[in-house]
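Q: A single structure is presented below for examination.
The values are calculated or read from the model by the stated rules, or taken from the named source; none is laboratory data. Note that the structure is a prediction, hence the values are computed from the model and not measured. Note that each Cβ is placed from the backbone with ideal geometry, even for glycine, and that neighbours are counted across all protein chains shown.
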Amino acid sequence: MSTVREATYRLLRELGMTVIFGNPGSTELPFLRDMPVDFHYVLGLHERTAAGMALGYALGTRKAVFVNLHSIASAGNGLSAIQDAWYLHAPLVITAGQQDRRHLLAEPFLASRATETVKPYVKWAYETLRAEDVPASIARGYYLAMQPPKGPVFISIPMDDWIHECERVEVRAVTQTVLPDPSALDDLVWAFDSSRNPALVVGSQIEEDGGWDEVVALAERLNADVYEEPIPPRWTFPRSHRLFRGGLLPAQRPLAEQLAAYDVVAVIGARIFLYYAHVPGATVKAGTKLFQITNSPLDAASALAGRSIVGNVAWAAEYLRSHVQGRGRSGESATQLPAPGQEHPITPAYLFSVLNRLMPSDAVIAEECPSSKGDLDCWITRDEPGSFYSVPNGVLGFGLPAAVGLQMAHPERRVVCPVGDGSMQYSVQALWSAVQYKAPVIVIVLQNSDYSALKGFCDFTQVGRNVPGMEIPGIDMVKIAQGYGMTAQHVDRAEELEALLRDAFASNEPRLINVVVGKGGQKCMGMDQSVNPPKYQ
Ligand SMILES: Cc1ncc(C[n+]2csc(CCOP(=O)(O)OP(=O)(O)O)c2C)c(N)n1
């Protein structure tokens with residue numbers, strides 16, 4: 001027999017979860033005391049940051065990560081990162097302390113209803129009924145978190161549980177690959193073989209299932225045009241590939257128009273479809289045969305049209321590649337955009353074109369720059385797997401902690417975080433963690449001193465500009481970063497930008513560069529008024 005605490009550390013070690021991201025409080029201290037020396041505790045000064053770094057670390061390592069939050073206090077503060085993990089299918093095993101169960105009924109200070117609070121955004125929310133169930137609950141949470149579609153689980157643990165006696169829990173082998181139905185894939189093979197003009201839509205689950213190479217090989221065998229899913233939280237196809245056609249627009253009618261020329265469309269590893277503005281229209285043009293391959297039964301059930309095939313995306317792509325007939329294609333060369341010039345104020349397009357030229361080819365981008373997304377999409381090319389991550393469900397605060405967690409997961413790659421001056425404020429404390437844990441992330445703040453994306457949405461939907469809370473003047477990002485101990489620089493002249501970026505890449509330290517850019521928001525997620533957006537007035 002051992003204590004619950006000892007049995008838990010043994011289990012965590014055997015499950016490979018020896019890096020713990022957290023923010024502590026009184027209800028976690030009985031667990032955290034005398035942490036074994038082979039464990040590494042990563043402190044986030046705010047729970048959005050702690051859970052957000054864990055999310056980045058889970059995405060980078062492709063393994064489950066253990067998070068220890070503080071009762072309802074932390075579960076509430078960390079909820080936006082938990083929902084990011086839900087939408088990104090990131091396996092987080094999140095625990096939080098509960099008050100001592102011996103006086104819980106009397107609602108003591110810090111009594112927690114955290115399980116009810118997080119429930120919609122986790123695969124399992126549980127409070128241990130008996131102290132000796134703690135290790136077995138964590139083991140169950142781990143297996144569930146790792147089962148595709150992966151995702152977060154949440155376990156609330158009363159603080160008196162850790163000192164009880166319990167049996168050790170044996171780690172079991174639980175397989176994680178669920179194969180799609182070959183007869184359903186044969187129907188898609190037949191559809192491809194009889195198609196005039198097929199297209200693929202690639203989505204984030206390709207990376208989850210490790211299917212990058214298989215999907216590229218399938219696209220090349222079909223010689224099919226390839227589109228990225230709308231508002232992609234990951235890029236899952238080489239951007240400079242001859243078959244790559246860019247991203248789909250996140251609204252019904254314009255998206256259907258983008259796909260109108262194709263008679264067979266296979267959506268691989270994405271939802272059908274993620275929309276933003278409501279622009280009524282068909283999902284795809286009548287007559288287009290639509291298929292979805294997804295590792296998520298939920299996404300299959302909620303698809304708006306088409307035939308859904310549930311199972312491992314990499315396996316499906318390899319099956320399709322080896323069964324479809326190869327197709328030819330007459331050569332076309334991609335049109336080259338003229339390089340953006342130096343202007344004052346600096347344009348996001350210029351910033352990204354210079355960054356793209358200077359970044360190592362394996363650098364990783366964790367992006368959160370709402371109104372500059374379009375420019376980033378145009379000018380940043382990444383051709384390697386695991387190179388791009390972005391906000392999965394529009395809740396800001398994702399980018400910076402994700403970048404720090406990704407950098408910890410990839411010490412050999414450089415992580416760059418282009419982030420809006422507004423977005424930065426939702427999780428700014430991650431700067432401190434980057435410094436303390438020597439994660440050499442390069443943070444590029446796009447300072448336009450307003451919420452440009454929201455102003456753009458005002459124009460797009462004809463709400464008008466008479467809306468409060470759109471300006472954010474007077475933030476000194478350099479001083480804030482320096483206050484957290486980070487080297488930081490400010491630039492507002494285009495001709496000075498390149499030298500600063502070169503210097504950041506040459507150094508092996510975390511760095512913040514605050515770039516004053518022009519106001520954005522001329523388009524709404526790549527869309528202008530020609531798509532007939534809704535009017536809210
Ligand atoms: C947590 C959260 N709060 C508020 C919003 C609404 N929102 C969407 S875009 C945006 C502006 C962000 O500003 P910034 O990062 O400076 O980017 P910009 O729009 O200027 O490009 C806001 C506040 C949100 N999506 N998430």
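Q: Considering only residues that are more than 14 Å from Ile442 (Cβ to Cβ), assigned to a loop (DSSP other than H, G, I, E, B) and more than 8 Å from the ligand (Cβ to nearest atom), which ones fall in the stretch 406-424?
A: If the condition is that a residue be more than 14 Å from Ile442 (Cβ to Cβ), assigned to a loop (DSSP other than H, G, I, E, B) and more than 8 Å from the ligand (Cβ to nearest atom), then Pro411, Glu412 are the ones that fit.
Q: Can I ask one more? What number of residues in the stretch 209-227 are under 23 Å from Asp263 (Cα atoms) and touching a residue at least 40 places away in the same chain (Cβ under 8 Å)?
A: 8
Q: While we're here: For a quick check of your reading of the model, give me the residue pairs whose first member lies in the stretch 457-484 and is over 12 Å from Val428 (Cα atoms), whose second is away from the ligand (no atom under 13 Å from the Cβ) and basic (Lys, Arg), with beta-carbon atoms closer than 8 Å and at least 6 apart or on different chains.
A: Close Cβ pairs satisfying both conditions: Cys458/Arg465; Asp459/Arg465; Thr461/Lys535; Gln462/Lys535.
Q: May I pose another question? Check Val395 against each of (1) within 16 Å of Leu454 (Cβ to Cβ); (2) surrounded by 21 or more Cβ atoms within 10 Å (Cβ to Cβ) and name the one condition it does not meet.
A: Condition not satisfied by Val395: (2).
Q: Just to be sure, is Ser427 within 16 Å of the ligand (Cβ to nearest atom), touching a helix residue (DSSP H, G or I) at 6+ places or on another chain (Cβ under 8 Å), within 23 Å of Ala64 (Cα to Cα) and at pLDDT 95 or above?
A: Here the answer is yes, as Ser427 does meet what is asked.
Q: Go through (1) within 17 Å of Ala366 (Cα to Cα); (2) hydroxyl-bearing (Ser, Thr, Tyr); (3) within 16 Å of the ligand (Cβ to nearest atom) one by one and return the number of the condition Ser449 breaks.
A: Failed condition: (1).
Residue-wise test of (1) within 12 Å of the chain's Cα centre (by Cα); (2) surrounded by fewer than 23 Cβ atoms within 10 Å (Cβ to Cβ); (3) of a type outside the set (Ser, Thr, Tyr).
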site: His46; (1), (2), (3): no, yes, yes
site: Ala51; (1), (2), (3): no, no, yes
site: Leu55; (1), (2), (3): yes, no, yes
site: Leu69; (1), (2), (3): no, no, yes
site: Ala90; (1), (2), (3): yes, no, yes
site: Gln98; (1), (2), (3): no, no, yes
site: Arg102; (1), (2), (3): no, yes, yes
site: Ser112; (1), (2), (3): no, no, no
site: Thr117; (1), (2), (3): no, yes, no
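Q: Would you point out which residue out of Lys119, Lys63 is modelled with pLDDT of 95 or more and either in contact with a Lys or Arg (Cβ under 8 Å, 6 or more places away or on another chain) or not in a loop (DSSP other than H, G, I, E, B) (or both)?
A: Lys119
Q: Which pairs have Cβ atoms under 6 Å, sit 6 or more apart or on different chains, and link a residue in the stretch 376-405 that is away from the ligand (no atom under 11 Å from the Cβ) to one that is among the aromatic types (Phe, Trp, Tyr) and assigned to a loop (DSSP other than H, G, I, E, B)?
A: Arg382/Trp235; Phe388/Trp235
Q: Would you call Ile138 on the phi < 0 side of the Ramachandran plot, touching a residue at least 24 places away in the same chain (Cβ under 8 Å) and in a strand (DSSP E or B)?
A: Against the criterion (on the phi < 0 side of the Ramachandran plot, touching a residue at least 24 places away in the same chain (Cβ under 8 Å) and in a strand (DSSP E or B)), Ile138 does not qualify.
Q: Tally the residues that are of a type in the set (D, E, K, R) and under 19 Å from Leu351 (Cα atoms), restricting the search to the stretch 506-528.
A: 3
Q: Quick one: in the stretch 500-537, which of the residues that are over 21 Å from Asp375 (Cα atoms) and of a type in the set (A, V, I, L, M) is nearest to the ligand (Cβ to nearest atom)?
A: Here the answer is Ala504.
Q: Before we move on, is Leu351 surrounded by fewer than 21 Cβ atoms within 10 Å (Cβ to Cβ) and either touching a residue at least 12 places away in the same chain (Cβ under 8 Å) or acidic (Asp, Glu) (or both)?
A: No; evaluated as a whole, the condition is false for this residue.
To keep it simple, each residue is scored yes or no on (1) surrounded by fewer than 15 Cβ atoms within 10 Å (Cβ to Cβ); (2) at pLDDT 95 or above.
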| site | (1), (2) |
| --- | --- |
| Phe291 | no, yes |
| Thr294 | no, yes |
| Leu298 | yes, yes |
| Ala316 | no, yes |
| Gly331 | yes, no |
| Ile346 | no, yes |
| Pro360 | yes, yes |
| Glu368 | no, yes |
| Val391 | no, yes |
